[in-house]
Amino acid sequence: MGKIASKIWSKGLLCGHGVPEMHEELRPLAFWSREDLLKAYQRFLDTGEPDMDCHTFLEAFQCFSDTAHSKAAFKMLHPKKSKVDGNTVFAAAVLTSNQSYISRMSLIFSIFDLDNDGQLSKPEFCIAIRSILEGLHRWFVGVAMPTDVELEVAMDDLFKRMDSNRSGFLSIGEFLVHSYRNRDLQEMVNHLPWEDMRVFESLAKFQRIPIYTP
């Protein structure tokens, strides 16, 4: 993931300084507190659907001053058949939130624990990585996406390295140990502004309606 993290910022986004340019329409979705994100994500889960239309998007985030702004933000997410993948949107919202690096990583883990068993299977892990990259691609100007081959190789290698006990699943401990050690990922995430110094390493529990079968 370190090489992938470095690559997605490579096309003139940081160049060693500055902050990636976020699409203006999506700024209301950034710099949220952990507490507000937890509430917003639960509102999304309560719909029982993996995708959001413009109405459920507005209901989940509740941060737009008027309908015109919410529609502009939704359009910037490039909906297909008038819907966007909810977890892709929330992955980017978490990475751009007002949380410390590790707090963001623990919330990413919690969101993609799709069956609520407290661990990530390899399919859940791959969904998480793809959602993160696709979310950043939609939120920021000029983000370079890896090729499918690069991504498959990177995800397979990364999962094997993170799964220290070879169980075929990742615990939150294994996930966070790698997050602490991955300097490239830390550098990428910490370029995004944040102020909340609290560190949350625990799994965030959500009430889920079974809609995924990873």
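Full extension from HIS55 to SER164: what is 0.36 nm times the residue separation minus their Cα-Cα distance, to one decimal in nm?
Separation in residues times 0.36 nm, less the Cα-Cα distance, equals 35.0 nm.
For THR67 and ASP157 in the same chain, what is the full-extension length gain: residue separation times 0.36 nm, less their Cα-Cα distance, in nm?
So the chain would gain 28.0 nm between THR67 and ASP157.
For segment 60-197, please report how many Lys pairs fall under 15 Å Cα to Cα, leaving out neighbours fewer than 8 apart on the same chain.
Number of lysine pairs found: 5.
Quick one, which of (1) 80, 39, 29; (2) 49, 42, 36; (3) 54, 39, 28 is the actual Cα extents along the principal axes in Å calculated for this model?
So the structure-derived entry is (2).
FYI, it's all coordinate maths here, none of it is from the lab. Note that the structure is a prediction, hence the values are computed from the model and not measured.
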